[in-house]
């Protein structure tokens, strides 16, 4: 490593590493060395790595020379001529950066702080981009790693590839004014750039903004250049939010002056939008964690700044954020907190919501008497129409349950809390309990609540935990503490919430030897993780691996023996059903089960489930998968009916017969449909041959399915042809005038179903923001994986992927947007509009191929971008869709391909199950 | 700053492939690039992991060295993921052989690296990248390390279908550059976390001075007789063409050149079929292409097909399936050729009919096609290679 006075001969890039002083003293060396190592690992070798370290604030401290001395010695030991250490008199960040700029010898210069990690190709990728374009600045992405290990891109808007003449061509870049992840032409920036503000907070922003405004070209690349770790707070108050707020506002005011001087009006507007949408929510959210005095100070700092902005830009904000901003402007601290809980905690609602002049409004105390701000009335600020809150069904409602206190006394768990009962759930609940609920939605144990109605409603749990009869705790399980309410026969489950700084952190004994650790979770929820998983599992863990494996093997053998013995018993008139891998009560199996229950109630039905049994109807017996009961039921059943695949361990006996159904009708090719093209390691999408051989009958809903899909599956057995019990049920449900009410869907909006094989198209929050007041969105993924919608969408989006009411949702959708989903043809029978999402369809087509060419078939437009989708939906909502004139013919044609679904379908299939004969053939 | 590329001449370049003997697209590119770089002063060694029984006599002429790391074919990859596989003695023996062969190949390769100063290794296939992972390429922080350019000769869709994507992400992430065939693929792989993705087209080794005659009434197929190249699709399309477009097809013939495991079946399939001729492999691909005026490329899967580029360089009107980004990079529907649906004989028949019906259209498409592939001329591709090598050496 060279000393202060001997830089390497002109390197291409100087990487300036400044010590941010962020870590504890013990980790400063680690931070520095990690960053330096990432710089040394760059694929670009011709570098200078310039480490600028500030002297410690207390030079008399015993450890004053410790860090610098240690770092210096460690760097010297690396023996890399590219390294240079410069010591600066102060630790001021601006001064360190300025010193780095002055000392740098490279043609180009990058900056980072100790603790950052440069990605291996960062310097070279940026260098090649700016050399190619002649730009003065190269911009790449910065990744931020938060305390939970989750990575996100820092202000990624505008970071798609491009060579810009000026930042005015892409104002969104102004959101990213961090110096990390950028490359600057050193001579130019030293001469023309604004330099780093010394002695002031956030000094790099002046520099980057000034560079943007004066650069003769900006090269943007989509690669990631830098990974920055967010500093984890080690405890409450570790981040001084008040000081941060004041510093941020000061920096914004400073850079606003710069922008006013050198920028255009579009840049100024974009800057305001970015501050309101990206920055301010962070500080408003912090008010949930700090005490009232600190929150007041934060609010004062931001209020003054916000009032200087053009607040018409607030129209782009999500409703909850807009409400929080309004309360900030009028100085209502509790109002801010209430709105931010809605924004941060999965759209929990604490205020009454009313209809006013055809809009839904957040009916807090300011609705009638609140002042206008910059000519914008209170009703404008408090408008939540896009969230579609009114009319949400019981199981979709999101009351805010606040946990105030929790403790244990022996085996008794005592918890108190309050709820703003906006939806009057607690008032109407026939049963209320506090429950330990797993991530997958399974309840382990619960305690009944004592409820005192009022404003807010107070509740208390004070008893030992009561276990669900068949609950099993897996080691490593986790979940949340939830309030479970039964209202009008439906369940509402919502996690209890508490700010992270006040969340209880304690072990809780649940009984049965199970101990969980309670602590803060995501979205302000109270979360738990298993510490000890109970006597049974402890026994397994105590024994050796061989013993455990042996016991497991014996257990499996015992189950197999039991199921074999069961075959010796007389065959029973039992039909075993399963749908969606035991996760729901839906599809063809459900339709068949319902018909059988009406026509032949004497036939016993068994439904298997994985986690939840609530959806299984009363006429059937519920058995949990993997249990002895499940094995016995399958062994003795005459028929198995499923739309999925059974576990491999289930042996099929001679008297068991399998009726295989399909979820929807596939559009994408399955395996051998691709003309026998052999490929190594291809992704098989069809079931393996041994699986297909176990099917006795296959339900084929259409001629298309029989001609194209069945050969691809390699199935050569009997078909129950042209029969679609599910399709018939959908058509019948479409005529039900009370369907929407039953599903809790708003009666005054059109329903749009986004049913896709992959991810839903485009930007869902953007869709909601544009059409959310006129349309309600349903999202369904063929993968079967449900994802909670972005809370900013409020109640205007519902994920119905794994819903038991899927039939109803399909039936009541007024239009569908699809990329080739398996449900396309079932929906086509309704002869309603179908729009094709082309990027998803083309991806499906290229990766797997498709049986059908959808662009020629769908009764609706093909959209290529999220913007086109919004335009198409808006036109459709306005009644002027401008669609192809042959739409009715297309709809009819696609419906024909989907196959008939006459009401007798289900009866015909049920007859097969009853008699065991298909069209006069076969035997029972 | 010195002219990029020139300063690097004299450097060692090792080009790795699974085998360097076969007549295949990858092998042709390997030898073309090797010869070109050697001609520009680089010290080139071409190394195949294993030999191939049919050694095609590539014109090395002493310009560069050719090595084979193993003396016999690599044992097949075995599936040993399940317990019963692990307990099966024959599987265990095969696994042992395979690992042993890999170690041996890695050892030979390491000797090759250690025999001289460090330079650049171009790993043309994923298997070679995985082999490189077993070698010591020097301290990544040092200027004396070997630079690595990884290549992938197929598209993202093919990588997803075949499971190669995960292999590429694991093996190529730390390479100095990861070269795909098209800008579209480079962006797609970059979006999948490979920040070092760039793109490099395959070179056309010969540039015909004269184009083909658009008046010729021959449709040419040139490729291997395997399902992936779609000869069955073409034969079915031809039948549809004769039936649905008899006037257009009047006087035209389809000539198929190639070889492969399905050759006998293809010959049987065309027996009795009007105006189809099946011929064997040709030593003069440009010559046979020049006899026709239309190229039919019915492939189900491709990377950047050389035969398509060669046909376009001759000014042929090309009818190709939209099966990869490489095809899309070359053929713009209605401008430089005709794109048809993959695996769809009817679509292919309609595309062929469109170009067969009009001499003027063939002429226009051919002229635009020739202009499009001008950038793939060997000298230009070599210039780009030199720029890439200079960039990785920085």
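The values are calculated or read from the model by the stated rules, or taken from the named source; none is laboratory data. This is a predicted model, so every value here is computed, not measured. Note that we place each Cβ from the backbone using ideal geometry, even for glycine, and neighbour counts take in every protein chain shown.
Just a few scattered comments:
- Odd one out for residue A:178 among (1) at pLDDT 90 or above; (2) within 14 Å of chain B (Cβ to nearest Cβ): (2)
- Selection count where residues are part of a loop (DSSP other than H, G, I, E, B), at pLDDT below 90 and buried (at least 19 other Cβ atoms within 10 Å of the Cβ), scope segment A:181-195: 1
- Residues of segment A:836-856 satisfying the condition of being more than 14 Å from chain B (Cβ to nearest Cβ) and touching a helix residue (DSSP H, G or I) at 6+ places or on another chain (Cβ under 6 Å): A:836
- Among the residues making up segment B:230-265, a single one is touching a helix residue (DSSP H, G or I) at 6+ places or on another chain (Cβ under 6 Å), within 14 Å of chain A (Cβ to nearest Cβ) and surrounded by fewer than 19 Cβ atoms within 10 Å (Cβ to Cβ): B:236.
- In segment A:639-682, of all residues being modelled with pLDDT of 85 or more and part of a loop (DSSP other than H, G, I, E, B), the one that is farthest from the other protein chains (Cβ to nearest Cβ) corresponds to A:661.
- From the options A:329, A:317, A:403, residue that is closer than 28 Å to residue A:501 by Cα, assigned by TED's automatic domain parsing to the domain that holds residue A:496 and either within 24 Å of the chain's Cα centre (by Cα) or crowded, with 17+ Cβ neighbours inside 10 Å (or both): A:403
- Per the listing A:578, A:614, the residue uniquely within 35 Å of the chain's Cα centre (by Cα) and modelled with pLDDT under 80 is A:614.
- Among the residues making up segment B:156-177, those that are in contact (Cβ under 8 Å) with a residue 40 or more places away in the chain and over 10 Å from residue A:847 (Cα atoms) are B:167, B:168, B:171, B:172, B:175, B:176, B:177.
- Residue that is surrounded by the most Cβ atoms within 10 Å (Cβ to Cβ) [pool: residues in segment A:106-125 that are within 11 Å of another protein chain (Cβ to nearest Cβ) and touching a strand residue (DSSP E or B) at 6+ places or on another chain (Cβ under 9 Å)]: A:122
Here is a yes/no grid of residues against (1) away from every other protein chain (no Cβ under 14 Å); (2) closer than 20 Å to residue B:257 by Cβ; (3) at pLDDT below 95:
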position: B:305; (1), (2), (3): yes, yes, yes
position: B:310; (1), (2), (3): yes, yes, yes
position: B:318; (1), (2), (3): yes, yes, no
position: B:336; (1), (2), (3): yes, no, no
position: B:343; (1), (2), (3): no, no, yes
position: B:353; (1), (2), (3): yes, no, no
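- Top-ranked residue of segment A:140-160 - restricted to ones that are away from chain B (no Cβ under 14 Å) and over 24 Å from residue A:33 (Cβ atoms), ranked as surrounded by the fewest Cβ atoms within 10 Å (Cβ to Cβ): A:148
- First in segment B:239-265 and more than 18 Å from residue B:217 (Cα to Cα), second anywhere and part of a strand (DSSP E or B), Cβ under 7 Å, 6 or more apart: B:258/B:222
- Test result for residue B:108, over 25 Å from the mean Cα position of the chain (by Cα), more than 14 Å from every other protein chain (Cβ to nearest Cβ), farther than 30 Å from residue A:35 by Cβ and in contact (Cβ under 8 Å) with a residue 24 or more places away in the chain: yes
- Residue in segment A:728-742 that is touching a residue at least 12 places away in the same chain (Cβ under 8 Å) and part of a strand (DSSP E or B) present: no
- Some residue of segment B:142-154 being out of contact with any helix residue (DSSP H, G or I) (no Cβ under 6 Å at 6 or more places or on another chain), in contact (Cβ under 8 Å) with a residue 40 or more places away in the chain, in a helix (DSSP H, G or I) and surrounded by 21 or more Cβ atoms within 10 Å (Cβ to Cβ): no
- Test: residue in segment B:88-109 that is assigned by TED's automatic domain parsing to the domain that holds residue B:388, touching a helix residue (DSSP H, G or I) at 6+ places or on another chain (Cβ under 6 Å) and assigned to a strand (DSSP E or B): no
- Any hit, segment B:323-337, residues being surrounded by fewer than 24 Cβ atoms within 10 Å (Cβ to Cβ), under 19 Å from residue B:251 (Cβ atoms) and over 21 Å from the mean Cα position of the chain (by Cα): no
- For residue A:293, the conditions (1) under 19 Å from residue A:331 (Cβ atoms); (2) under 24 Å from the mean Cα position of the chain (by Cα) all hold with the exception of (2).
- Criterion applied to B:174, B:195, B:164, B:143 was being facing another protein chain (nearest Cβ under 9 Å) and touching a strand residue (DSSP E or B) at 6+ places or on another chain (Cβ under 7 Å), and the one residue passing it is B:195.
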